[in-house]
Amino acid sequence: MKRAAMTLLAMLLLSACMLPTPETATTVVKETVVLTQPPLPTYTPYPTYTPLPTYTPPAPLPTYPLPPTPTLPPLPADTPALTPVVSPSATLATGTVEPPTPTSTPTPAITDWRGEYYGNLDLSGSPALVRNDPAVDFNWGDTAPAAGMPADGFTARWTRDAEFEAATYRFHAWVDDGTRLWVDGNLLINAWYESGPHAVTADYAMVRRRHSVEVEYLEYGGGAQIRFWWEEIKSPFYLDWKAEYWPNRDLSGPPALVRNEKQVDYSWGTYAPAPGLPPDNFSARWSRKMRFESGRYDFYALADDGILVYVDDALSLGAWHDSSGDEEHVFSLNMSGEHELVVEFYEHTEQAMIRVWWKKMSSLPFK
């Protein structure tokens, strides 16, 4: 700005000094121009910086100790837990309360028959009742066999082990409706059907030992009853061969099994001839009386192992030694009328088989 003012002053002075032309008289008027410079603004300094106060953390909170853990007194010993009893008829605002599920009854000690009772017709599932029954001898009529059981549409099973002698036994059942009998797993009576009161029997030759007996019962509807028992046939009639078996190789002592057999023709292999007998080291005797037409007969025998054949107490074949059973033994006799035949056999080890038969070769001259 100062430079501009000075420039303007110089220009004014130059204009004043210029002479006028002769033709024109000019009056020069002098004028003084005073230039005034505006004052510069006064500098105002920035305010002085004041630092922020230093942060002082608050005092820590006081520490309080935790209270000690209380010790609960022990539960009294041998105090059974109480089980609430809910009445089936009790109701709540939200609905009907279901009765509690009954717990299974512990099985009692079985000293006679183990009786198992089922609320169905096929002995399926777990039994609804298990108890000791002194005998299988019941006449329930139109009532249930026990509380909680139906009067109709139920089944039952009785099992036990019993000692038997070497004899033929007759098993009896008087039943309404159906029954089945098993001895050592063998089905002897199968009368599993709806029926009125009726009797069923079965004869069975037993080895001298302990045997398992199982009786099953079926009740459809109406009256319900069952009675089961057995008896030894003291003087059995052997229609065919009287067969006797021993658990040794020399037919010593009382036989373990006595029964009727239709023929002497067996191939046991490595199995026992009957439950309760060993598969090896056993012996047997077959005896019978037989009527022959007059004539000459050839007798044949195969055995693994030893065999003896007697006709009227006379030894007709003697091969009392171990054998493979491949050798066929043959002897011939003139026969007429009734004769007594006895076959003895022993089995040592491995395979066991025996077969005895005969055929008429020619007729004897009539006398």
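Remarks
- Test: residue in the stretch 187-194 that is more than 27 Å from residue 144 (Cβ to Cβ) and free of Cβ contacts under 8 Å to residues at least 24 places away in the same chain: yes
- Residue 356 vs. criteria in contact with a Phe, Trp or Tyr (Cβ under 6 Å, 6 or more places away or on another chain), under 16 Å from residue 263 (Cα atoms), modelled with pLDDT of 95 or more and assigned to a strand (DSSP E or B): no
- Number of positions in the stretch 272-285 that are buried (at least 20 other Cβ atoms within 10 Å of the Cβ) and without any contact (Cβ under 8 Å) to a residue 60 or more places away in the chain: 0
- Enumeration of residues in the stretch 170-195 that are assigned to a loop (DSSP other than H, G, I, E, B), within 22 Å of residue 220 (Cβ to Cβ) and within 27 Å of the chain's Cα centre (by Cα): 192
Table: residues versus (1) of a type in the set (Val, Ile, Thr); (2) under 27 Å from residue 154 (Cβ atoms); (3) assigned by TED's automatic domain parsing to the domain that holds residue 156.
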| residue | (1), (2), (3) |
| --- | --- |
| 179 | yes, yes, yes |
| 187 | no, yes, yes |
| 270 | yes, no, no |
| 281 | no, no, no |
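- When each of 269, 222 is tested for being touching a residue at least 60 places away in the same chain (Cβ under 8 Å), exposed (fewer than 12 other Cβ atoms within 10 Å of the Cβ) and not acidic (Asp, Glu), the lone residue that passes is 269.
- Pairing residues of the stretch 287-303 that are surrounded by fewer than 15 Cβ atoms within 10 Å (Cβ to Cβ) with residues that are of a type in the set (Asp, Glu) and part of a strand (DSSP E or B), at Cβ distances under 9 Å and at least 6 apart in sequence or on separate chains, gives 289/338; 289/340; 290/338; 290/340; 291/338.
- Residue satisfying condition, being of a type in the set (Ser, Thr, Tyr), over 18 Å from residue 211 (Cβ atoms) and modelled with pLDDT under 95, within set 238, 297, 310: 238
- Identification of strands (runs of 3 or more DSSP E) wholly contained in the stretch 272-344 with 2 or more residues that are under 46 Å from the mean Cα position of the chain (by Cα) yields 282-304.
- Among the candidates 141, 148, the residue that is closer than 22 Å to residue 220 by Cα and without any contact (Cβ under 8 Å) to a residue 60 or more places away in the chain is uniquely 148.
- Residues of the stretch 161-171 that are at pLDDT 95 or above and surrounded by 17 or more Cβ atoms within 10 Å (Cβ to Cβ): 171 alone.
The values are calculated or read from the model by the stated rules, or taken from the named source; none is laboratory data. Predicted model only: the values in this text are computed from it and were never measured. Cβ: placed from backbone, ideal geometry, glycine included. Neighbour counts: every protein chain shown.
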